[in-house]
Amino acid sequence: MKFLPTFIALLLFSGALFCQNKYTAQTLEKIKEVENNITGNIIVNGERPNTIAEQMVKYKVNGMSIAVIQDYKIAWAKGYGWADVAEKRPMTPQTLFEPGSISKTLNAVGILKLAQEKKVDLYTDINTYLRSWKFPYDSLSKGKKINLAQLLSHQAGLTVHGFPGHDIKGPIPTVYEVLDGKKPSFTPAVRSEFEPDLRFQYSGGGTTISQVLLSDVTQQAYDVWMYNNVLKPIGMVNSTYAQPPAKNKWHLCSSAYNSDGTPIERKFHVYPEQAAAGLWMTPTDLCRYIIDMQLAWKGGKSKVLSPEMVKLHLSPYRDGPTAMGTFIEDHDGAIYFQHGAGNDGFCGQFFGSLEDGYGVAIFLNTDNGRLFVDVINSVAKVYNWKNFYREPRQVKSIAVPTETLKTYEGIYLFDDSWAAIGQKDNAFHFYTDGRRAKMYFATPTQFANEEFQAVKTMILDDKGVVTGYTRSVNGKAYPLARKIVNLDTAQLANPVLMGIGWYYFDNQQYKESLAAFKRAVQLYPQDLNMHMNLAHLYLFNGDYPSALAIHQAHRNDMIRPDFSWVNSLQEDYNYFKNNKLDLKMLDRLLGELKIEKP
């Protein structure tokens, strides 16, 4: 039996007491089945599935809260682990989380309610309704006006994907400073990147515009109007968009933790972008929203929205992946609406079936959302969700010689993304989407990961040189991933080069990181962030003169409005300092440039 730290065991026991007094024997058996059937995408060498407790230890998760829906009712809710480790405060179903982007879903309900009351038109220029701030159109929108339907479905062509939180002691920007990219906002201005209705592009910035619009139309504070007109009618009476929440609720709030289990300073961060990331809630409250939508979809009456607005909220917009406020998934004819979330030290996910009345909401007080994927899959199995559960593959893993693995190292391109095979801490890994995953080899050329569904098979040419790998999920083949032969000539998108450069940096492969940023500056000479990164890598490769030359050339430049080259350098200095990197050459550079240390 795997070792389980005493503090986790005690908290799981305390969570179990809650269930023992509340649920029938049949429900308790269902809970036990969910808890004891936690796997990734594969089962290696016949190992038994983990328990929730074991998986929490594996992923360094301090606390989890879940609520499960069966037959359009909340079947059970339970907390696991700690809401606050230092305070020894247990996680309970009443614990509030700030998971992030699920806030957008309830925000959309609020905007749709305004539309059904004829206070706004979803297809009219947003500047018709904006009073306290106006969207500054430019040539990138191609003369097309942006409307609320596009904002809610992420098809407005706008910038700013998401937002970092702010220290509760400030400074905290106003929502207008966020929209205009002014200090103390950490993000650039929310502006057009391309014309609306061209394609899907996720934009928390666009959602933040809808927040200002709602307040302008209602002439009320955003959190107040949303509570009285959306949250409270649905039954989400414990939830709030207040940022930060009122102090009399802090004892109910979970603290936030990094993916390594260490705490976020001062418990949690503040998000003036309330509509995009600021909703504090419980899984039980969120399930009340899911059930309200499910019942309305099958012909009942929503507590907030008309049938017309429910349809807009749960049907794809222009055949995209989103409706107005939700993502829509088709599982071989079984339709689910869902939304994921991630703030500093929190994450979450909900799913609801459009038919049959089942669903789940789950929140974690960590940056790492891997656990909720495994738990949701277990819920889907136990409650027999239609076409949802993914049976893990049984993998008999073999050892592959280090010399062979070294031939696989490199960067691979697939679809519009990239992956890497490399080494860190004397172990080989597969890396993509910000996650390192252990590789389990069934043959010397074929491997799988717990974290990702695809089985990969390395492709070798007739000389034995690796050229890429194939990808398949449940026997279905996907376009192969091609290995980059020469980064110096590769035609890659700006974000891809940025990601590759920092991947190599994190692996302490400074020569390779330098090559990535050199290529980025060649392809995107107007991107001052890339010039800054290149200067950093010259330093880490011991080339002080080249780094100094870049800083001297750009010292007086502005990265974005109200954020200078010097500001960026000072911010990066703190990043390197916090990560305990050698600052000797950077100290020397700041001194020579006469720039104050942050």
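Observations on the model:
- Going from the fewest other Cβ atoms within 10 Å to the most, the residues 558, 585, 293 appear in the order 558, 585, 293.
- Checking every one of the trypsin sites (Lys or Arg not before Pro) in segment 163-235 against DSSP loop status and a limit of 15 other Cβ atoms within 10 Å picks out 169, 199.
- Dimensionless Rg over Rh [segment 208-345; C-alpha; Kirkwood]: 0.99
- With 10 Å bins from 0: P(r) over segment 397-485, alpha-carbon pairs, percent: 16, 57, 25, 1
- Pairs spanning more than 23 Å between alpha-carbon atoms, out of 518/597; 30/249; 424/580; 119/311; 58/396: 518/597; 30/249.
- For segment 318-345 versus segment 371-406, the gap between their alpha-carbon centres in whole angstrom: 22
- Sorted by Cβ neighbour density within 10 Å, fewest at the top, the residues 133, 250, 418: 250, 133, 418
- Rg of the Cα atoms in the chain, relative to 2.2 N^0.38 Å, amounts to 1.00.
- Proximal charge balance of residue 349 [Cβ under 13 Å; K/R count +1, D/E count -1]: -1
- Stretching residue 584 away from residue 125 to a fully extended chain increases their span by 159.9 nm, per 0.36 nm per residue minus the current alpha-carbon distance.
- A straight line joining the Cα centroids of segment 128-167 and segment 76-109 runs 30 Å.
- Couplings 3J(HN,Hα) for segment 324-333, derived from phi with the Karplus relation 6.51 cos²θ - 1.76 cosθ + 1.60 (θ = phi - 60°), are 8, x, 9, 9, 10, 10, 9, 9, 6, x Hz, where x marks Gly and Pro.
- Mean sequence separation of contacting Cα pairs (under 8 Å, at least six apart), scaled by the length of segment 488-571, corresponds to a relative contact order of 19 percent.
- Rel. contact order, % - alpha carbon contacts under 8 angstrom, at least six apart, the chain: 14
- With the alpha-carbon atoms of segment 483-598 aligned to their principal axes, the span from lowest to highest coordinate is 43, 30, 24 Å, starting with the largest.
- Relative contact order computed over segment 397-485 (Cα-Cα under 8 Å; 6+ residues apart), in percent: 24
- Size descriptor for segment 347-401, Kirkwood hydrodynamic radius: 13.1 Å (Cα pairs only, one decimal).
- Each of 91, 498 was scored by other Cβ atoms within 10 Å of its Cβ. Arranged with the fewest first, they read 498, 91.
- Around residue 388: net Lys/Arg minus Asp/Glu count, Cβ-Cβ under 13 Å: -3
- In segment 95-142, Rg over Rh equals 1.10, where Rg is the alpha-carbon radius of gyration and Rh the Kirkwood radius from pairwise Cα distances.
- Whichever aspartates and glutamates have a C-alpha closer than 12 Å to that of residue 169, once near sequence neighbours (fewer than 8 apart) are set aside: 265
- The three principal axes of the C-alpha atoms in segment 126-230 carry coordinate ranges of 40, 30, 21 Å, sorted with the longest axis first.
- Distance from the alpha carbon centroid of segment 247-271 to that of segment 528-590 works out to 31 angstrom.
FYI, it's all coordinate maths here, none of it is from the lab. Nothing here was measured: the structure is a model prediction, and the numbers come from that model. Cβ atoms come from the backbone with ideal geometry, glycine included; neighbour counts cover every protein chain shown.
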